[in-house]
Every structure is written in structure tokens, then in C-alpha cells.
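For reference, the structure discussed in these notes is given below.
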Amino acid sequence: MDHRALGEVVRAAAGGDDHAWEALVDRFAGLVWGVARSHGLSEADAADVSQSTWLRLAEHANAIRQPERIAGWLATTARNESVRILRRGHRDIPVGTREEVAMDEETSDVASRILEEERDIALMTAFERLPPRCKTLLRVLTAAPAPSYAEASEVLEMPIGSIGPTRARCLQHLRRCSGGLDARRPEAAAEARLSG
Amino acid sequence: MIPDNEPDDGLAARLGAVLARRDPVPSSVIAAAKASRVWRAVDAELALLLHDSAVESDELAGVRGGGSRLLTFVSPGVTVELEVLGRGRGLIGQVVAKGGTRVELCEPERVVPVEVDRTGHFSSTDAPAGPMSVRVTDERSGAVTQTEWVAI
């Protein structure tokens, strides 16, 4: 990421600096994607939200009043576009080719790979059961690169002091969601699959 | 499933890693975001989205029915009304402006001119799902108005 202050990067990007624009995308593409996906949108719909959000930034770039608060602007735009798309109805056209999930070389051992897969799926399943507000908050806070507290506060429309306690409540909720439907330990599930 | 003694920071880090592994931003989405920069600083008056039937209350949307979506964009000199007829069924629209106009339908990677009749009506049967914007050029002054992008 560019070391210039974020506001300057936004102004440079608005003024035609391609490197500044790409730096903004590299920094915030995950945030925009996360906001769209935490609304429960499919990949194709989330791709539409993402592209519409960046196109809107392109056309509004010179009119952004507080360029240093660009994270909040992008998140609000992505949230509004997500709502439009949810109301509009779903799109079934697949977007591009899904990247293959990369496997760590060290986990080439089949049993441990299956075990890890089971744990991932369990965590994703629990995450999907969370209320949208918690999904968005955890998405935003665990995005890479991680947002600053000030950015998270703008994006989540929440005072900085509330972020920590809300995160703790959402993680507690995540633990509860994971305890519910499948009582088997992940190891047991992996073993069952291997021996079956 | 989640160990009771797994601390918040550890759980959050694991969740972040799982989301990054299982739901990464597709490279095509990043490429599209980067390509959007060509639409910066277009020398045009922006027509803002004033009304979108997709975000009306469900009750009103239900009354309208039929699956078409009405959008209204407004700038100081130009109003654009769009009716999106539903997935893959194209759109019809009307430009309200002083004098004659040329109309183009903009997609992120192409610009398609459409015919406008004397009352400002235009239509397209070829408007793919995805972000689009309408560009209106005043035939006499050459002044350009472009609507906000919206995913149809």
C-alpha cells in the first residue's frame, strides 16, 4: 500500500493516478466483497455489487467530501447496492472461474487434510448462521489487510468503543452456532468418512 | 465444534483464514475493480438515481408486479426514466431534456448507441445483467450527462 495518507491516495486516484487507484482496490476490494457476501449474495451478485461500487467511486471520485473516510463510503455504497440486488432478485450467471482452494503442501496427508476441511466447513457453517450484523462485523474485522479501528468504525457505523464488546458477543454467538446441528466431533466425522 | 477454551483472538484469526481460503475475492472481481478506473473524471454532468422501484416497500413493489423495475435519474437539465423488463428481456427508457439528444448505453467495457425517437423514447433488447449507465449527449451543445451506475 502507498505510504501517503489515505486521503491523498484517494485524491490522486480521483485525479487520474492509476497506481493510486490500484492501491485503493488492493486495500479495499476485500472489504467491498465481504460487505456484499455478508448480505448473503451469490458470487455473481456480489461481483455485480463490487463492480457497481467501484464504478460509482470512479464517477463520484472528485466529489467525495472526506477522502480519508473512503472505507466508510465504499462500505455504505456496497451495502446500498447489496440491498438493491437482494430486492431485484437473483442472478444465476456464474462469474469467471472460481479459484481452486489452495492446499498447504504440509497438509498433503489425506487424513489431516480431511480433518482440516471438516473444521473449515464447520466454522463456515456456523458463520453462515450468524445474524447479518455479526457477519458483516466479523468479515470486516478479519479482512486482509485489516482495517484500522477508525476505518472499522466508519464501515460498521459504530463508535470505536463498541467494536470490541460487539466483536466478543459475535464470537460468542459463533461458538453457540457451531454447537448446534452436528454434535459429532470433526475428528469423528473425518474418521467416519475415511473408514466408510 | 469450536473448542470452548479457544480465545477470541485465536478464533477470529482462524475465521479470517477460513474466509480467505474458502471465499476469496475472485481475481476477475479485482480485475473489474481495477478496470473501473477508465470511468473516472468523465467530463459529464452526473444524473443521480432519485427513484428505484427495487428499493420501494415490498407492498408497493407487489402492486406494481410484473417483475419490471423502474429507475429515475435526474440532473439539473436531464431526466432519464428506465424500465428494466426483467432478466434478459431488455429495457425501455425515456430521456426528458430540452432539444434533441443522442443516447448511449454504457457497460463497463463497451458503449452501445441506441436510437431515440422524437419523444425521447429508446429501447434495447441487448442489455446484459450487470452494471450499466445511460449517457445522454445534447445534440446542439454537445453537453454530456451520464447516470449513476446501477446493476440491472
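FYI, it's all coordinate maths here, none of it is from the lab. Small disclaimer: the values here were computed from a predicted structure and weren't measured. Here the Cβ is made from the backbone with ideal geometry for all residues, glycine too, and neighbour counts use every protein chain on show.
Using amide H atoms built in the peptide plane, which far-off residues or other-chain residues are under 5 Å from residue B:121 H to H?
Long-range HN contacts for residue B:121: B:95.
Hey, with R₀ at 25 Å, roughly what FRET efficiency would residue A:144 and residue B:31 work out to, going by the Cβ-Cβ distance, to 0.05?
Efficiency, from the Cβ-Cβ distance: 0.85.
For segment B:2-61, what class follows from the C-alpha gyration tensor (a ≥ b ≥ c being the square roots of its eigenvalues): rounded when a/c is under 1.5, otherwise prolate if a/b is larger than b/c, else oblate?
The shape class here is oblate.
What's the magnitude of the charge dipole for segment B:67-152 around its Cα centre, counting Lys and Arg as +1 and Asp and Glu as -1 at the beta-carbon? Answer in Debye, nearest 20.
100 debye
Quick one: what are the phi-derived ³J(HN,Hα) couplings along segment B:25-38, Karplus 6.51/-1.76/1.60 with θ = phi - 60°, whole Hz, x for glycine and proline?
Listing the rounded values in order: 5, x, 4, 5, 6, 5, 4, 5, 4, 5, 5, 4, 4, 5 Hz.
Taking the Cβ-Cβ separation of residue A:162 and residue A:18 as r and a Förster radius of 41 Å, what is the calculated FRET efficiency to the nearest 0.05?
So, using R0 = 41 Å, E works out to roughly 0.60.
Between residue A:113 and residue B:126, how high is the FRET efficiency from 1/(1 + (r/R0)^6) when r is the Cβ-Cβ distance and R₀ = 51 Å? Nearest 0.05.
0.65
Can you give me the distance in nm between label points at residue A:76 and residue B:110, each placed 7 Å from the Cα along the Cα-to-Cβ direction?
Distance between label points: 3.6 nm.
Could you give the length gained on full extension between residue B:43 and residue B:17, defined as 0.36 nm per residue of separation minus the Cα-Cα distance, in nm?
In short, 5.1 nm is gained.
Using all C-alpha to C-alpha distances in chain B, build P(r) with 5 Å bins and read off the rounded percent in each one.
For chain B, the pair-distance distribution reads 2, 8, 15, 17, 14, 12, 8, 7, 5, 5, 4, 2, 1, 1, 0.
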